[in-house]
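Asks: Handing you this structure, nothing more for now.
Any read-out appearing in this document is the output of simple, stated calculations on the displayed coordinates, not a laboratory observation. Note that the structure is predicted; figures quoted are calculated from it, not measured. So basically every Cβ, Gly included, is an ideal-geometry build from the backbone, and we count neighbours across all protein chains shown.
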Amino acid sequence: RELIKFQSIREDIAKSICEIEQARLLTLKAADKMDREGNKSAKDLIAMIKIIAPNMALNVIDRAIQCHGAVGLSQDSFLASAWAGQRCLKFADGPDQVHMMQLGRDYAKRFAN
């Protein structure tokens, strides 16, 4: 039976599509703000993207691996390679806590004034 015929697989695909679109729209919003107001104007949105996008990518890849079972985990699998690569990229840009701290600090300043 084809994987797509299972309801739980279709639900995983729908979740993944929603998460990808959320990250894409936030990225487009940040790019638009940077174009209109300059790079520093979108610091808060960029921090949000740095939190959301890597976690989204890992979630999407993880769901795909689960859908494919043991085949998704084999060493020569694209999914295993993508998961390992994304995990490295997630740490290269700094931990989520640093971005959350920056975001919280920026919003605290904004609302204190």
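Asks: When you look at SER41, is it in contact with a helix residue (DSSP H, G or I) (Cβ under 6 Å, 6 or more places away or on another chain) and hydroxyl-bearing (Ser, Thr, Tyr), yes or no? Let's see the steps before the verdict.
Replies: Numbers: in contact with a helix residue (DSSP H, G or I) (Cβ under 6 Å, 6 or more places away or on another chain): yes; hydroxyl-bearing (Ser, Thr, Tyr): yes.
For SER41, the condition - in contact with a helix residue (DSSP H, G or I) (Cβ under 6 Å, 6 or more places away or on another chain) and hydroxyl-bearing (Ser, Thr, Tyr) - is met.
Asks: Across the range 36-50, what is the total count of residues that are farther than 19 Å from LYS90 by Cβ and touching a residue at least 12 places away in the same chain (Cβ under 8 Å)? Give the derivation first.
Replies: Taking the range 36-50 first, the residues farther than 19 Å from LYS90 by Cβ are 36-44.
Next, only the ones that are touching a residue at least 12 places away in the same chain (Cβ under 8 Å) stay: 42-44.
Within the range 36-50, residues that are farther than 19 Å from LYS90 by Cβ and touching a residue at least 12 places away in the same chain (Cβ under 8 Å) number 3.
Asks: Give SER16, SER8 a once-over and let me know the one that is part of a helix (DSSP H, G or I), of a type in the set (Ser, Thr, Tyr) and in contact (Cβ under 8 Å) with a residue 12 or more places away in the chain.
Replies: Numbers: SER8 fails: in contact (Cβ under 8 Å) with a residue 12 or more places away in the chain.
Checking each option against the conditions leaves just SER16.
Asks: What is the one condition in (1) without any contact (Cβ under 8 Å) to a residue 12 or more places away in the chain; (2) under 12 Å from the mean Cα position of the chain (by Cα); (3) surrounded by 12 or more Cβ atoms within 10 Å (Cβ to Cβ); (4) closer than 25 Å to LYS5 by Cα that GLU21 does not satisfy?
Replies: With respect to (1) without any contact (Cβ under 8 Å) to a residue 12 or more places away in the chain; (2) under 12 Å from the mean Cα position of the chain (by Cα); (3) surrounded by 12 or more Cβ atoms within 10 Å (Cβ to Cβ); (4) closer than 25 Å to LYS5 by Cα, GLU21 is out only on (3).
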